[in-house]
Amino acid sequence: MRFENGLSAAVYHVERIAAELAELRGWRRLAAAFLAGALSTLSLPPYDFFPILFLTFPVLVWLLDGVGEPTRSRRRRVMWRAGLLGWWFGFGYFFLGLYWIGHAFLVEADKFAFLLPLAVTLLPAGLALFTAAAAALARLFWYRGYRRIAVFAVAWTIFEWLRGHVLTGFPWNLIGQSFSASDALLQAGAMVGAYGLSFIALLIVTAPATFDSRVHAARRGSGMELLAAPAIALAGLALVWLAGVARLSAADIAAPEATGTSIRIVHPNTPFADKWDDEGRIVAIIGQLLRMSREPTPERPQGIDGNTVVVWPENAVPVLLAREPYVLSAIGRALPPGAQVIVGSNRGEPAPDGPANHLRVFYNSLYVVDATGAIAATYDKHHLVPFGEYVPLRHLLGRLGLRQLVQFQGSFDVGPGPVTLDLPGMPSVSPLICYEVIFPGGIVAPDRRPQWLVNITNDAWFGGSIGPHQHLSQARLRAVEQGLPLVRSANSGISALIDPYGRLVESLPLDTQGVIDAALPAALPPTLYARLGDGFLVLLLIATALAASFGRAPLKR
């Protein structure tokens, strides 16, 4: 009896908080939404405090409870109020989660620092439109109790997916990324992908909002009855975690043999300002990369052998590599026969109607260079960074003085899309340059699955901020989704070898210099997500929406 009374008292206090939040008006309501969104960023790397979501998302649901009933005469007003709450929540989330983008405007501060305030506010403001739309849609189909939580999770997931695809997409800091705090929780991504993780996370973390003061004000149920939905949600979280533990345990017991290929990841930590500088500095950078590629290490006291793939970062060599035969020759001389280097470099081509010696078309590219100094394969980045590698609507925005943050005038051109590269004598690989690794489902050629992924990047743009940690986390999730090992070389960021379960085999942190020598893990059989993509998630969303609406009418409209 004492336990029952104490439980009922706890439920009463939670419902009182819910009622007070629902009754907030004016700037207090918007400030509460902004604060809840901002605090939600603590669930993301490098903080990885997943439990904060059990506080912040219920707050948003309770605030949405207070925007009124969507009757026919008030539907637009209610959706507007709900959208405004969703926008402030999203603005807080993206403002605190993406502040580090401002570092890029300080690399050439004399040219671009004046744009910093716009960058750190306009991008979060634009991304928050998706959270606004999610809140408005959910509120239109609001139900009582846990049903409204299911509707909210469906609506939010739909608009996260749209955020990852509209206008080339920007699926950075999806809510599901918070599962990266646990290797075991992350394993669910092999079935449902990043967007599916968001859906699962939302169904779980919004469960405390089941305590709905509107339902129990007139007739209060027992404490045990009201705890049913949160208890089921926590049981669901435990089930996801236990399934992940079982998957990882099975992997440790029956670990796949290595591919027989050795990997050397070069992590030069070259300051960004030192690139594209004077000729002497360029020679020093290339010399450093060559030494780090061939020198002995405790793991490889004899240096690399012919079964080794050496991986350099994005834009590792500050020249147009394909047009520098002496640099290619030096790379070849640093390799034993059979070894290869994967290296990032810009690539220039003459315009189709221009002179051959006048370069007008540029690509952010990846080359495979063999021991003869020949380029064995080329890949051109196909998912470019808006305002970093191209300017959307540049003819219009150019009149406003906006320029991309790259060294060349004019935008980079777009490559043909995901490809699988054949490496002679080595497992085939799918290349990803920097930003491309953040896109679920868009990293592997649909007609030919590779045996591993390579991600080259240059996170020097973002200094020692939280950005590189978030970037690494997304690379880990891509490995889980596809069941493929991922090799990541960052100039100044976090370099790592990631196994097909998303675990860090070896890594080098920010502000360090060194190499990683390790055997390349073998790929797993294609995961459910690798086979179906987001198709399984679509079925889950439809089933959840139908279940939420079955047997009970929504609130009056």
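The values are calculated or read from the model by the stated rules, or taken from the named source; none is laboratory data. None of these values were measured; they are calculated from a predicted model. With ideal geometry, Cβ positions are generated from the backbone for all residues, glycine too; neighbour counts draw on all protein chains shown. In case anyone asks, the SASA skips ligands and DNA or RNA and just uses the protein heavy atoms, side chains included. Shrake-Rupley method; radii C 1.70, N 1.55, O 1.52, S 1.80 Å.
Some values worked out for this structure:
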{"item": "Cβ crowding within 10 Å averaged over residues, with 135-143, 229-237 ranked highest first", "result": "135-143, 229-237"}
{"item": "Two-site label geometry, Gln513 and Ala258: point separation in nm, points 7 Å out along Cα→Cβ", "result": "2.7"}
{"item": "Separation of the Ser549 and Ala374 label points, Cα + 7 Å toward Cβ, nm", "result": "6.1"}
{"item": "Packing-based ranking, highest mean first, of 453-463, 154-164, 365-375 given that Cβ atoms within 10 Å are counted", "result": "453-463, 154-164, 365-375"}
{"item": "Ala251-Ala445 FRET efficiency (beta carbon distance; Förster radius 35 Å; 0.05 resolution)", "result": "0.85"}
{"item": "Surface accessible to a 1.4 Å probe, per residue, for the residues of region 433-524, Å²", "result": "24"}
{"item": "Those residues of region 431-448 whose amide nitrogen sits under 13 Å from the label point placed on Thr420, 7 Å along Cα→Cβ", "result": "431, 444-448"}
{"item": "Net lengthening on full extension, Leu116/Glu23 (0.36 nm per residue, minus Cα-Cα)", "result": "29.8 nm"}
{"item": "Net lengthening on full extension, Arg333/Arg16 (0.36 nm per residue, minus Cα-Cα)", "result": "106.8 nm"}
{"item": "Label-point gap, in nm, between Arg360 and Leu504 - each point 7 angstrom along Cα→Cβ", "result": "4.7"}
{"item": "Burial order of peptide ranges 278-285, 327-334 (average beta-carbon count within 10 Å, highest first)", "result": "327-334, 278-285"}
